[in-house]
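The values are calculated or read from the model by the stated rules, or taken from the named source; none is laboratory data. Predicted model only: the values in this text are computed from it and were never measured. With ideal geometry, Cβ positions are generated from the backbone for all residues, glycine too; neighbour counts draw on all protein chains shown. Accessible surface is based on the protein model in full, side chains and every heavy atom, while ligands, DNA and RNA are left aside. Shrake-Rupley method; radii C 1.70, N 1.55, O 1.52, S 1.80 Å.
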Amino acid sequence: MLEQQLWGNTLEAWGISILFIVGAVVIVKLFSFLGRKVLNPFISRTRNKLDDVIFYSLEAPVKFAVILLGIWIAIHKLVYPDSFMKIVDSTYKILIVLNFTWILARLSGGLLQVYWGHRADGNISKMMPVIKRSVLVVIWIIGFVMALSNVGVNISALLGTLGIGGIAFALAAQDTVKNIFGAFTIFTDKPFSIGDTIRVDSFEGTVIDVGIRSTKILGYDRRITTLPNYKITDASIINITSEPMRRVLVKLGLTYDTTPEKMKEALTILRTIPERVENVSSAPSDIIANFTDYTDSALVITYIYFIKKQGDILKVTSDMNVEILAAFNKAELAFAFPTKTLYIHNDATLEVTEETGNGMENKTMATDSPDK
């Protein structure tokens, strides 16, 4: 029975080939069991992280290599046409090179994450995903080129053939190329990191990802906006997260009946308010309160204070405004607003006076009778 033919091979040959594949699967399962029960617990107890990286880098590619070896032996135990065997051998040459590339990619990613993924202060580098992604792209490109060269593809001729249509391709892909160089600029210049809140022209949000083509920013409305990298590098970028403190400028207008003494009292109150509000800098150099302007309707005080980095901008601003309002009301300091006053006389004229705080503009109009 074992000598019977099936697709050009005996049943015995088919059985042996299947046993090689099953044996490869069993070896992979055994390797997984040993890794989970023996190697992984031993490696996790060591202080050195290098063995963790090596085990992580080799585990999956080695399993894949064992499966490939089992299938390759199984195929070569059978009889096939020479043309088919050439295709199989060429495919295996490519897969072997890609498997080594996979090992190198996992090893490089692991080493970057462990040894260069943290800043000097111990925190995780937010730009590491961008660096890691760029390194992996380069490694895989080199791996594919070597795989093609390993099966006899003339890389120089291939590049020359691509160069013939390179101009047309470059014109069609110029935005993509600009985005790639934009990503490289962001990586080298580091105007921001993932997790930073930035303002790009008039748009403001938090950076959640920087890719080869685009950067994703989470806006305050919880919507993700994708901006091409070249537009970000060409735009004016303000890194809000990197600011040590937030500067707040307030214009306060008092009525024109405010005396010089009351004005000095208002300035003193404003200089002492930051001491009573949390997350506001109380350093004398960070508090500016000056009587700066005479406007049509008010005596204007320019007030500048700084919110500390850990403070919530909106909450601290609200707390400061409430404190200013309460202190000015307690001191009987009146805020100014545009007003109009009408003076009616018992004669043949109606005198209209517009009071603006800086002076009075009188308008006299004739009326039909003295009683109007």
Does Thr272 count as of a type in the set (Ser, Thr, Tyr) and touching a residue at least 12 places away in the same chain (Cβ under 8 Å)?
no
Residue count, the range 299-322, condition in contact with a strand residue (DSSP E or B) (Cβ under 9 Å, 6 or more places away or on another chain), under 30 Å from Asp257 (Cβ atoms) and either of a type in the set (Ser, Thr, Tyr) or assigned to a loop (DSSP other than H, G, I, E, B) (or both), comes to 4
I'd like the residue in the range 230-248 that is touching a Gly at 6+ places or on another chain (Cβ under 9 Å) and closer than 24 Å to Phe181 by Cα and, out of all such residues, is surrounded by the most Cβ atoms within 10 Å (Cβ to Cβ).
Ile232
I need the full set of residues from the range 230-266 which are of a type in the set (D, E, K, R) and not in a strand (DSSP E or B), in order please.
Lys231, Asp234, Glu243, Asp257, Glu261, Lys262, Lys264, Glu265
Residue hits (the range 28-65; polar (S, T, N, Q) and over 24 Å from Leu98 (Cα atoms)) are Asn40, Ser44, Thr46, Asn48
Quick check: anything in the range 7-20 among the acidic types (Asp, Glu) and touching a residue at least 40 places away in the same chain (Cβ under 8 Å)?
no
Among the listed residues Ile287, Ile269, which satisfies the condition of being under 29 Å from Thr197 (Cβ atoms) and either modelled with pLDDT under 90 or buried (at least 17 other Cβ atoms within 10 Å of the Cβ) (or both)?
Ile287
Quick check on my filter: what residues within the range 77-93 are open to solvent by less than 70 Å² (accessible area, probe 1.4 Å) and part of a helix (DSSP H, G or I)?
Met85, Val88, Asp89, Ser90, Thr91, Tyr92
Pairs, first more than 12 Å from Glu204 (Cβ to Cβ) in the range 216-237, second open to solvent by 40 Å² or more (accessible area, probe 1.4 Å) and of a type in the set (A, V, I, L, M, F, W, C), C-beta under 6 Å, six or more apart
Lys216/Ile208; Lys216/Ile224
Residue identified as aliphatic (A, V, I, L, M), open to solvent by less than 40 Å² (accessible area, probe 1.4 Å) and farther than 20 Å from Gly143 by Cα among Ile43, Ile67, Ile21, Ile73
Ile43
Is it the case that Lys37 is farther than 26 Å from Ser17 by Cβ, out of contact with any helix residue (DSSP H, G or I) (no Cβ under 9 Å at 6 or more places or on another chain) and part of a helix (DSSP H, G or I)?
yes
Within the range 310-337, residues among the polar types (S, T, N, Q) and at pLDDT 90 or above come out as Thr317, Ser318, Asn321, Asn329
Run Asp296 past the list (1) modelled with pLDDT under 90; (2) part of a strand (DSSP E or B) and report the number of the one that doesn't hold.
(2)
May I ask you to list the residues in the range 296-331 that are over 22 Å from Leu254 (Cβ atoms), of a type in the set (A, V, I, L, M, F, W, C) and open to solvent by 10 Å² or more (accessible area, probe 1.4 Å)?
Phe306, Ile313, Leu314
Condition first: at pLDDT 90 or above, under 44 Å from the mean Cα position of the chain (by Cα), open to solvent by less than 20 Å² (accessible area, probe 1.4 Å) and of a type outside the set (Lys, Arg). Can you find one or more residues in the range 254-264 that meet it?
no
Exception for Ser282 within (1) surrounded by fewer than 17 Cβ atoms within 10 Å (Cβ to Cβ); (2) assigned to a strand (DSSP E or B); (3) touching a helix residue (DSSP H, G or I) at 6+ places or on another chain (Cβ under 6 Å) falls at (2)
